[in-house]
Amino acid sequence: VLVGRYAEHRAKRRAGSAVRALLELGAKEVTVLRAGQEVGIPVGELRVGDLFVVRPGEKIATDGSVVEGASAVDVSMLTGESVPQEVAEGDAVTGATVNTSGRLVVRAERVGADTQLAHISRLVSEAQAGKAPVQRLADRIAAVFVPVVIGIAVAVAGFWIGNGGGAAAALTASVAVLVVACPCSLGLATPTALLVGTGRGAQLGIVIRGPHILESTRRIDTVVLDKTGTVTTGRMRLVATEYAEGTDRDELLTLAAALEQASEHPIATAVTAAAAEVAPVLPKVDAFRASAGFGVVGRVGERDVMVGRPSWVGERMEMPDGLRKSLDDLENSGRTAVAVGWDDEVRGLLFVADE
């Protein structure tokens, strides 16, 4: 029974390690605005109402709302979603997520133990403190069974001694009773099963909120899975290309990748990787400008190229009817579109999707 308790304790620690690792991903330092000046402080000194700056590539220090700037935020550590979430003034952001592009100024709304990550950790800890129904049943049986068995063993030893069997025979008989009646299945089977289940789940990034969850799985008749990062790899790749009449596909990819090559955005990475097959060396870009959350503009050779959201590019360039129809059809199938244009016309659409 004691070994079973130890195994149960190890299972809870292992299952909780995934949550502890998640909490450790948070930012350690934060740049706050004080009297118009940027000052670096430890995250622990951040207070509700403070304004702090998040530059591209930095982690958001705590939960808050954007008061200035626009960007794309990588929320995959919370949701598993590989496509960054576009945020602008007034939008809420979560601590420990990563700012991928533009500069943001955020007002802290929840700090310390009040953040979303801290709340998730508490929920898991509270759930793990509970016991599965089968564990409670085993505990109740063991609480009665063990004292009874010990009493029987003592009675057997007394019987042998009282009948002149000697101490050795009495000890042998009482130990035999303990060995035969040992509640191994009660004390070891349940905690061992939970140890394997919760431990393996933690290794795979699955947080099992409590032992009762494992027991309840026998009643499951439907499984609902998040697509991104669960049944897919979480990495974006180019899956389709649509281009206007008279446009060369290789040129379309090359010009798009030339503008996207410096970006860490998953969509930009997918476009650049696809272009590497047709243009190992990308052309130089001049007069580069980025519009956070919308797209980029630059001059490649003799062409002024624009790459970004179809709605953003379409407002500035004419989009042929054929491309517009392809946009509607493929976006409805769950793919993300990137428009590429030059010479005042949208020349093609690049569609990316999770592998």
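Each reported figure results from applying straightforward, stated rules to the coordinates on display, with no laboratory input. Only a predicted model underlies this, so the values are computations on that prediction, with no experimental measurement involved. Here the Cβ positions follow ideal geometry from the backbone for every residue, glycine too, while neighbour counts run over all protein chains shown.
For a Förster distance of 35 Å, can you work out the FRET efficiency between the beta-carbons of Gln37 and Asp114, rounded to the nearest 0.05? Walk me through the numbers on the way to the answer.
On the way: r = 27 Å, r/R0 = 0.77.
After rounding to 0.05, the efficiency reads 0.85.
So who's got an amide H within less than 5 Å of the one on Asp91, skipping anything under 5 residues away but keeping other chains? H placed 1.01 Å off N, in plane.
Val66
Work out from phi, with θ = phi - 60° and the Karplus expression 6.51 cos²θ - 1.76 cosθ + 1.60, the ³J(HN,Hα) of each residue of the stretch 165-182, listed in order in whole Hz, and give x for Gly and Pro.
With the stated coefficients, the stretch 165-182 comes to x, x, 5, 5, 5, 5, 5, 4, 5, 5, 5, 4, 4, 5, 5, 5, 8, 4 Hz.
Once phi is turned into θ = phi - 60°, what whole-Hz ³J(HN,Hα) does the Karplus curve with 6.51, -1.76 and 1.60 give for every residue of the stretch 293-309, x standing for Gly and Pro?
Going residue by residue, I get x, 10, x, 9, 9, x, 9, 10, x, 9, 10, 8, 9, 10, 10, x, 4 Hz, with x marking Gly and Pro.
If you take every DSSP beta bridge whose two residues both sit in the stretch 236-354, what share of them, in percent to the nearest 5, is antiparallel? Please list the in-between numbers first.
Numbers: 28 of 29 bridges.
Of all bridge pairs located within the stretch 236-354, approximately 95 percent are antiparallel.
Using 0.36 nm times the number of residues separating Leu178 and Glu345, minus their current alpha carbon distance, what extension gain do you get? Provide the component values of the computation, followed by the final result.
Details: separation 167, 0.36 × 167 = 60.12 nm, distance 8.67 nm.
Result for the pair: 51.4 nm of gain on full extension.
Return the FRET efficiency for the residue pair Glu277, Leu204: r is the Cβ-Cβ distance, R0 is 30 Å, and the value is rounded to the nearest 0.05. Intermediate results must be reported in sequence, preceding the final value.
Working: r = 33 Å, r/R0 = 1.11.
Step by step, r from the Cβ atoms, then E = 0.35.
List the GluC sites (Glu not before Pro) in the stretch 261-342 that DSSP assigns to loop (not H, G, I, E or B) and whose Cβ has at most 16 other Cβ atoms within 10 Å. Which are they? Write out the running numbers ahead of the final one.
Numbers: sites: Glu264, Glu277, Glu302, Glu315, Glu318, Glu331; in loops: Glu264, Glu277, Glu302.
Loop-located and lightly packed - Glu264, Glu277, Glu302.
Check Ser101: other-chain or 5+ apart residues with amide H under 5 Å from its amide H, H built from backbone geometry?
Result for Ser101 returns Gly57, Ala72.
Provide the per-residue ³J(HN,Hα) series for the stretch 51-59, in order, calculated from phi with Karplus coefficients 6.51, -1.76, 1.60 and θ = phi - 60°, each as a whole number of Hz, with x at glycine and proline positions.
With coefficients 6.51, -1.76 and 1.60, one gets 9, 10, 9, 10, 8, x, x, 8, 7 Hz.
Please give me, ordered by residue number, the trypsin sites (Lys or Arg not before Pro) of the stretch 232-287 that lie in loop per DSSP and have at most 15 other Cβ atoms within 10 Å.
On the way: sites: Arg235, Arg237, Arg249, Lys284; in loops: Arg235, Lys284.
In loop regions of the stretch 232-287 (DSSP not H, G, I, E or B), the sparsely surrounded trypsin sites (Lys or Arg not before Pro) are Arg235, Lys284.
Please state the relative contact order of the stretch 211-331 as a whole percent: Cα pairs under 8 Å, 6+ residues apart? Display every interim value, and only then the final one.
Values: 112 pairs, mean separation 22.6, N = 121.
Taking the mean separation of contacting Cα pairs over the length of the stretch 211-331, I get 19 percent.
Where in the stretch 215-255 is the amide nitrogen less than 20 Å from a point lying 7 Å along the Cα-to-Cβ axis of Ala189?
Once the point is set 7 Å along Cα→Cβ of Ala189, 215-219 turn out to lie under 20 Å by backbone N, inside the stretch 215-255.
Going by amide H atoms built from the backbone, whose H comes under 5 Å of the H on Glu345, apart from near neighbours?
Correct list: Glu318.
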